[in-house]
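Q: There's a structure below that I have some questions on.
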Amino acid sequence: MGRKSGISEDQLRDISRFESSEHFSEQEKLVLSLAGALTLTPANVSDGLYAALCKQFSERQLVELSAVIAWENARARFNRTFNVGAEGFSEGQFCPMPEHAKTASSVQQAATHS
Amino acid sequence: MVFRALKGGGFRFMFFEQAGLSNEQSLLAALFTCPHFMPSAITSGLARSSLLAEGHMSRSEGIQNNQAGPVTRFIFFLAKRYLGRVPLGTRIRAFDPKFLRHALRLDLYSASKGVVPVHLKELAQLKTALMVGCPF
């Protein structure tokens, strides 16, 4: 996933520690921060993150991004009920593994720093 | 149709519609032939990696081909043609054909070209899936 659209292997490797990675642009870091903030429970996008997002994205773009992230949450969580595992679609390629849960504070902190 | 307005899928949708497919079938055909279509984006069960080979057991086998209705079978056909096999997540969704169809519409929205660059959307999806625990 993502390789065809231009996501590099370095980015895939660093996605769990994107805050300190040099392989992501500021815009990409903001998107990842938003994904993190919307995926944690309770979901909370801080004023600081929203202000930073507004500098990079229009409101229409933020709607699209939020919708995509929300739907990905639904899809991924749906699979957990049935314990759907990997099916080998990326066999032989580098694949990031699921992250351990982060605390809400760490993601929000990263968001305000980016 | 609202889907005609979706960038990236509209022309393909109309092509398949003119080829005699129903709205639903046109939508699915457009979806699976979309160049920006993300396999993992459309089939929630598309997980990826080698856990399968390590004996990972899911709790359901989903709907099999001989149990599926015509629309579901068509979706399976397209999935198999595009991906080589029908992902388990798609088979499980097929227990509720109504959900399967609506989920595909949202999948199409996610995968279509929009006002946000595709790679940014994919980054966000990847991050989300990793945090939720959906294996790749």
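The values are calculated or read from the model by the stated rules, or taken from the named source; none is laboratory data. If you're wondering where the values come from, they're calculated on a predicted model, not measured in any experiment. We place every Cβ from the backbone using ideal geometry, glycine too, and count neighbours over all the protein chains shown.
Q: Here are the criteria: (1) in contact with a Pro (Cβ under 6 Å, 6 or more places away or on another chain); (2) farther than 14 Å from B:MET131 by Cα. Tell me which single one A:ALA51 does not satisfy.
A: (1)
Q: Quick one: is B:ASP96 among the charged types (D, E, K, R) and closer than 30 Å to A:ARG60 by Cβ?
A: no
Q: Test each condition in (1) more than 7 Å from every other protein chain (Cβ to nearest Cβ); (2) at pLDDT 95 or above for B:ALA124 and report the one that comes out false.
A: (1)
Q: Here's another thing I want to ask about it. Residue under question is B:THR128, and the condition is that it be within 19 Å of A:SER33 (Cβ to Cβ) and among the hydroxyl-bearing types (Ser, Thr, Tyr); does it hold?
A: Spelling it out, B:THR128 is indeed within 19 Å of A:SER33 (Cβ to Cβ) and among the hydroxyl-bearing types (Ser, Thr, Tyr).
Q: Specify which of the listed residues (A:ARG75, A:ARG17, A:ARG80, A:ARG60) is at the interface with another protein chain (Cβ under 8 Å from one of its Cβ atoms), surrounded by fewer than 20 Cβ atoms within 10 Å (Cβ to Cβ) and at pLDDT below 95. So that I can check it myself, show each step before the final result.
A: Details: A:ARG75 fails: surrounded by fewer than 20 Cβ atoms within 10 Å (Cβ to Cβ); A:ARG17 fails: at the interface with another protein chain (Cβ under 8 Å from one of its Cβ atoms); A:ARG60 fails: at pLDDT below 95.
Going through A:ARG75, A:ARG17, A:ARG80, A:ARG60 in turn, the sole match is A:ARG80.
Okay, residues lined up against (1) β-branched (Val, Ile, Thr); (2) in contact with a Phe, Trp or Tyr (Cβ under 8 Å, 6 or more places away or on another chain); (3) within 30 Å of A:LEU62 (Cα to Cα); (4) surrounded by fewer than 21 Cβ atoms within 10 Å (Cβ to Cβ):
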position	(1), (2), (3), (4)
B:PRO70	no, no, no, yes
B:PHE74	no, no, no, yes
B:VAL86	yes, yes, no, no
B:ALA111	no, yes, yes, no
B:LEU120	no, no, yes, no
